[in-house]
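Written below as structure tokens is the structure these notes are about.
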Amino acid sequence: MDELVALAKRRGFIFQSSDIYGGLQGVYDYGPLGVELKNNLKAAWWRAMVYERDDVEGLDAAILTNPLTLRYSGHEATFTDPLVDCRQCKSRWRADHLEKPQCPSCGSTDLTDPRPFNLMFKTQVGPVEDSANFAYLRPETAQAIFTNFKNVADSTSPKLPFGIAQIGKAFRNEITPRNFIFRVREFEQMELEFFVEPGEDETWHDTWVAERLKWWGEQGVNENNLELYHVPADELAHYSKATVDVMYRFPHGLEELEGIANRTDFDLGSHTKNQADLNISARVEPNADSNARLALQNTESKEWRVPYVIEPSAGVDRGVLAVMNEAYNVETLENGSERTVMSFKPHLSPIKVAVLPLKRNHEGIVDKARGIKQDLQKLGLGRILYEDTGNIGKGYRRHDEVGTPLCVTVDFQTIEEDDTVTVRDRDSMDQTRIAVADLADYVKEQIAG
Ligand code: ATP
């Protein structure tokens, strides 16, 4: 983990937030390469969950959330972790994360009894500071999918099964943020709420577990580093009938990367008015505040029913950490030297191609290299970088370290002889001469697959 954190900072992937003021605990910023990697991971998820299916629509809802949403969702009452205080050194801990009843900081066993601590952040809304004018920062993106269920259903007329997908920020006031970007207070989630006929929920749950494992594999996560954890009944969240966690072997241990829950009709049922005639199976509080019926009407029988929902919910930041951990390799070369290489899948690489002029002061070479960069950029594959540091060997090493799959070098032969460039492959380190006329096709094939 220390090596990854150091590389992340040195190469501009991830920084401690507000670093120059000593940081803000559990909050990180993504730098020039981090933002590309993160966007690429999110784009890969969106492609698989929305574009490659015809039964899922997207959504981008607000972060500030009406407290009623989080009251009826059950978060106000139950979204808590057990907090203990050390009476000796005053530090605070999550009781369920302590191996024994002892303060990890000072070793004292003089701890308070655990008490529930609500993880939601509150913020004032509008200029009047009173207890009625507040909103929550959403603790999961899911709730806005449920509260928009009718809006989306009315505007797209879907048939079951269908899903609504969303990627966005979520906030949790974690008692002990730790392990770099693994447990943070501000993070992003990629969530799908997939609505199904009651009775078909268990089959769909299995389907989504398999789909999600396959997807993580496509992001370069080795299946040997993934494990499924079937959450036992006494550990299930209040809304869940069954949850399967996708666990990943992070540098600090085996922990949750994604949770796939069967949320039944709990959420749609909870946010619905006039629930009595709807046959809701989950135990829901009567709701007099909602003005919506989050249910679908069968066109033939005219019967209303609340769909069940299967939720694959993945953390973007945990995904970035997993993908970086998988990609990170230190190799010993034949000549005995070492190289650090981030073997990202090309679709995730922050920079797809670096275009390097052999001589940075040679007008002909520089113009040619800049032209190649512009042409490759137009392919829409992601970031193509023109970089004229002049030292090609060092350029290759630097791009190995940030995972750039291809480096293109423009030299005298390019401009004076045959209009070919050297293309150097990150993984094999092979260098091949390719005609500039064939370069776009070659790059497309290597990067887009
Ligand atoms: P944990 O048990 O690790 O606290 P959780 O079960 O509370 O996680 P969920 O509510 O299932 O997490 O959230 C879905 C996903 O959101 C998680 O699988 C994880 O990838 C991500 N996530 C949740 N909390 C955090 C956090 N504090 N920092 C980063 N990612 C998080």
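Some notes on this structure:
- Rg to Rh, two decimals, where region 148-234 supplies the alpha carbon set and Rh follows Kirkwood: 1.02
- Cross-link pairs beyond the 29 Å C-alpha cut-off, checked among K42/K378; K214/K378; K38/K378; K373/K394: K214/K378
- Separation of alpha-carbon centers, region 278-325 and region 43-75, rounded to whole Å: 10 Å
- Nearby lysines by direct alpha-carbon distance to K150 (threshold 24 angstrom, same-chain neighbours under 8 apart not counted): K159, K169, K241, K273, K302
- Calculated FRET efficiency for the pair A62/S18, C-beta based, R₀ 25 Å, to 0.05: 0.55
- Isolated cysteines of the chain, defined as having no other cysteine beta carbon under 4.7 Å away, are C407.
- Cα-centre dipole for region 351-448 with unit charges at Cβ (Lys and Arg positive, Asp and Glu negative), debye to 20: 480 debye
- Carbon and sulfur %, accessible surface of the chain computed with the full protein complex present, 1.4 Å: 46 percent
- Surface analysis of region 164-213 yields an accessible area of 32 Å² per residue, using protein heavy atoms and a 1.4 Å probe.
- The GNM of the chain, with springs linking C-alpha atoms under 10 angstrom apart, assigns the highest mean-square fluctuation among N335, N262, N40 to N335.
- Total formal charge among the other residues, if their Cβ is under 9 angstrom from that of F266, Lys/Arg +1 and Asp/Glu -1: +1
- Region 357-377 versus region 179-218: alpha-carbon centroid distance in Å: 44 Å
- Share of pairwise Cα separations in region 249-342, more than 19 Å, in percent: 63 percent
- S290, S349, S18, reordered so the largest accessible area comes first (probe 1.4 Å): S18, S290, S349
- In loop segments of region 180-282 as defined by DSSP, the trypsin sites (Lys or Arg not before Pro) with at most 16 further C-beta atoms inside 10 Å of their C-beta are K273.
- Using alpha-carbon coordinates, inclination of helix 392-402 to the longest axis of the chain, degrees: 10 degrees
- Candidates T203, N179, N225 compared by Cα position along the dipole of region 177-225: farthest toward the positive end lies N179, with charges placed on Cβ.
- Calculated FRET efficiency, E303 to Y229, Cβ-Cβ distance, R0 = 35 Å: about 0.40 to the nearest 0.05.
- Integer Hz, Karplus 6.51/-1.76/1.60 couplings in order for region 56-72, x for Gly and Pro: 9, 10, x, 8, 9, 9, 6, 7, 5, 10, 4, x, 4, 4, 8, 6, 6
- Unit charges at the beta carbon, dipole of region 351-448: most positive-side option, V353, I365, T422: V353
- Folded to 0 to 90 degrees: helix 363-377 orientation relative to the chain principal axis, Cα: 30 degrees
- Coil-residue GluC sites (Glu not before Pro) of region 1-58, DSSP, other Cβ within 10 Å capped at 13: E52
- Computed over the chain: relative contact order in percent, which uses C-alpha pairs under 8 Å that are six or more apart: 12 percent
- Gaussian network model of the chain, Cα within-10 Å springs - most flexible of G336, G253, G382: G336
- The orientation-averaged shadow of the Cα convex hull for region 58-180, equal to a quarter of the hull surface, comes to 11.0 nm².
- Normalised radius of gyration (Cα atoms, divided by 2.2 N^0.38 Å) for the chain: 1.14.
- For trypsin sites (Lys or Arg not before Pro), the sites in region 54-141 that DSSP calls loop and that have at most 14 other Cβ atoms within 10 Å are R87, K90.
- Distance between the 7 Å Cα→Cβ label points at K169 and T203: 4.2 nm.
- Taking the inverse of the mean reciprocal distance over all distinct Cα pairs, the Kirkwood hydrodynamic radius of region 351-448 comes to 13.0 Å.
- Region 283-289 - phi-based ³J(HN,Hα) in whole Hz, Karplus 6.51/-1.76/1.60, Gly and Pro as x: 7, 10, 6, x, 10, 9, 9
- Net charge dipole size for the chain [Lys, Arg +1 and Asp, Glu -1 on Cβ; Debye, nearest 20]: 1160 debye
- Diffusion coefficient, µm² s⁻¹, Stokes-Einstein with Kirkwood Rh over alpha-carbon pairs of region 1-116 at 25 °C and 0.890 mPa s: 131 µm²/s
- Modelled label reach - C89, point 7 Å along Cα→Cβ, region 174-189 residues with backbone N closer than 18 Å: 175-179
- Of E227, E202, E331, the one that fluctuates the most in a GNM where the chain has Cα springs shorter than 10 Å: E331
- Couplings for region 147-158, taken from phi via the Karplus curve 6.51 cos²θ - 1.76 cosθ + 1.60 with θ = phi - 60°, read 6, 9, 3, 5, 4, 5, 5, 5, 8, 10, 6, x Hz in order; Gly and Pro are left as x.
- If you plug the beta carbon distance of S281 and D55 into 1/(1 + (r/R0)^6) with R0 = 22 Å, you get a FRET efficiency near 0.40.
- Axis angle, to the nearest 10 degrees, between helix 201-218 and the longest C-alpha principal axis of the chain: 20 degrees.
The values are calculated or read from the model by the stated rules, or taken from the named source; none is laboratory data. On a predicted model such as this, the values are computed, not experimentally measured, just so you know. Quick reminder, even Gly has a Cβ in these numbers, built from the backbone with ideal geometry, and neighbours come from all protein chains shown. Protein only, heavy atoms only, side chains kept; ligands, DNA and RNA dropped before computing areas. Shrake-Rupley method; radii C 1.70, N 1.55, O 1.52, S 1.80 Å.
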